[in-house]
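**Q** Sending over a structure as structure tokens; questions will come in a sec.
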Amino acid sequence: APVVGVLAMQGDVREHLAALRACGAEAVLVRRPAELAAVDGIVLPGGESTAIDRLLTAFGMREPLREALAGGLPAYGSCAGMILLADRVADAAPGQRTLGGLDVLVRRNAFGRQVVSWEEDLAVTGVEGGPVRAVFIRAPWVEEAGDGVEVLARVGSGPAAGRIVAVRHENLLATSFHPEITGDPRVHRAFVRMVAARKRGAAPSGFQTAHA
Ligand code: GLN
């Protein structure tokens, strides 16, 4: 089974470990460069992107993680994790940095600051078996996506209707919502398939092309 790390600086680390294990991956915590070097893919959890940003520096993880992502390490970011993967952030905190790699502009706290800011069943390209219950918690949305970025889901109704909330580009996957808290492992399963494909040496293919 592929070894998938969960970046354990801050955020809902345990929920991601459980979701990854539910889809057959070997899931491990990643806090140090040596732990990062041992994984085939990594999840950047939801939480608070500014706190994770500061801890990445404190743990000496910022550069190793940036390099690993630039080298093609598959990564899945949910919510704060999406912010960390984004090249550009609107409404960033003063001095806040991201790891980058994903050619998108995300807007932080785009849905508002209530605990559960929005909740909806969403069809997500690349996730089979019907809609995914998407729970948005002080979530970002993707305001602009670069040419190579595959849009996997948009909000269907309400004030944020049409906003992009799931994207993929090559080995990077990101969702504004938190599939790790609903007990539905299908988004994680799609990510584990990306990790397994890279481990086999397959070139990254988009979900649309893979499932056409
Ligand atoms: N608003 C948080 C941030 O900016 C993200 C919230 C979440 O991950 N649920 O990092």
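**Q** Considering only the stretch 38-56, state which residues are more than 8 Å from the ligand (Cβ to nearest atom) and either of a type in the set (Asp, Glu) or crowded, with 21+ Cβ neighbours inside 10 Å (or both).
**A** Of everything in the stretch 38-56, those that are more than 8 Å from the ligand (Cβ to nearest atom) and either of a type in the set (Asp, Glu) or crowded, with 21+ Cβ neighbours inside 10 Å (or both) turn out to be 39, 40, 41, 42, 43, 44, 53, 56.
**Q** Go through the residues of the stretch 107-120 one by one and say whether even a single one is more than 20 Å from residue 151 (Cβ to Cβ) and away from the ligand (no atom under 16 Å from the Cβ).
**A** Among the residues of the stretch 107-120, not one is more than 20 Å from residue 151 (Cβ to Cβ) and away from the ligand (no atom under 16 Å from the Cβ), which makes the answer no.
**Q** Shifting gears a bit: Quick one: count up the residues across the stretch 71-86 that are part of a strand (DSSP E or B) and more than 9 Å from the ligand (Cβ to nearest atom).
**A** Qualifying residue count, the stretch 71-86: 4.
**Q** I would also like to ask the following. Do we find a residue being touching a residue at least 12 places away in the same chain (Cβ under 8 Å), farther than 17 Å from residue 208 by Cβ, within 13 Å of the chain's Cα centre (by Cα) and surrounded by fewer than 18 Cβ atoms within 10 Å (Cβ to Cβ) anywhere in the stretch 134-148?
**A** No, every residue in the stretch 134-148 fails to be touching a residue at least 12 places away in the same chain (Cβ under 8 Å), farther than 17 Å from residue 208 by Cβ, within 13 Å of the chain's Cα centre (by Cα) and surrounded by fewer than 18 Cβ atoms within 10 Å (Cβ to Cβ).
**Q** Which residue is farthest from the chain's Cα centre (by Cα), if the candidates are limited to the stretch 149-160 and must be buried (at least 20 other Cβ atoms within 10 Å of the Cβ) and assigned to a loop (DSSP other than H, G, I, E, B)?
**A** If we take residues in the stretch 149-160 being buried (at least 20 other Cβ atoms within 10 Å of the Cβ) and assigned to a loop (DSSP other than H, G, I, E, B), then 160 is farthest from the chain's Cα centre (by Cα).
**Q** Please work out which one of (1) crowded, with 21+ Cβ neighbours inside 10 Å; (2) part of a loop (DSSP other than H, G, I, E, B); (3) within 15 Å of the ligand (Cβ to nearest atom) is the condition residue 126 fails and give its number.
**A** The failed condition is (3).
**Q** Which condition from (1) within 16 Å of the ligand (Cβ to nearest atom); (2) buried (at least 16 other Cβ atoms within 10 Å of the Cβ); (3) in a helix (DSSP H, G or I) is the one that residue 68 breaks?
**A** (1)
**Q** If you scan the stretch 161-212, which residues turn out to be touching a Lys or Arg at 6+ places or on another chain (Cβ under 9 Å), among the hydrophobic types (A, V, I, L, M, F, W, C), outside any helix (DSSP H, G or I) and surrounded by 19 or more Cβ atoms within 10 Å (Cβ to Cβ)?
**A** Within the stretch 161-212, 164, 165, 166, 174, 177 qualify.
**Q** Contact list please: Cβ distance under 8 Å, first residue in the stretch 173-202 and of a type in the set (A, V, I, L, M), second residue modelled with pLDDT under 95 and assigned to a helix (DSSP H, G or I), pairs at least six apart or on different chains.
**A** What qualifies is 190/207.
**Q** Identify all residues within the stretch 133-154 that are within 16 Å of the ligand (Cβ to nearest atom), of a type in the set (A, V, I, L, M) and closer than 17 Å to residue 182 by Cβ; write none if there are none.
**A** Result: 134, 135, 137, 139.
**Q** Please specify each residue of the stretch 90-106 satisfying the condition of being without any contact (Cβ under 8 Å) to a residue 24 or more places away in the chain and within 11 Å of the ligand (Cβ to nearest atom).
**A** Step one: list which residues in the stretch 90-106 are without any contact (Cβ under 8 Å) to a residue 24 or more places away in the chain, which gives 91-92, 94-95.
Answer for the stretch 90-106, where residues must be without any contact (Cβ under 8 Å) to a residue 24 or more places away in the chain and within 11 Å of the ligand (Cβ to nearest atom): 91, 92.
The values are calculated or read from the model by the stated rules, or taken from the named source; none is laboratory data. Owing to the predicted nature of the structure, the values given are computational and were not obtained by experimental measurement. All Cβ positions, glycine included, derive from the backbone under ideal geometry; neighbour counts span all protein chains shown.
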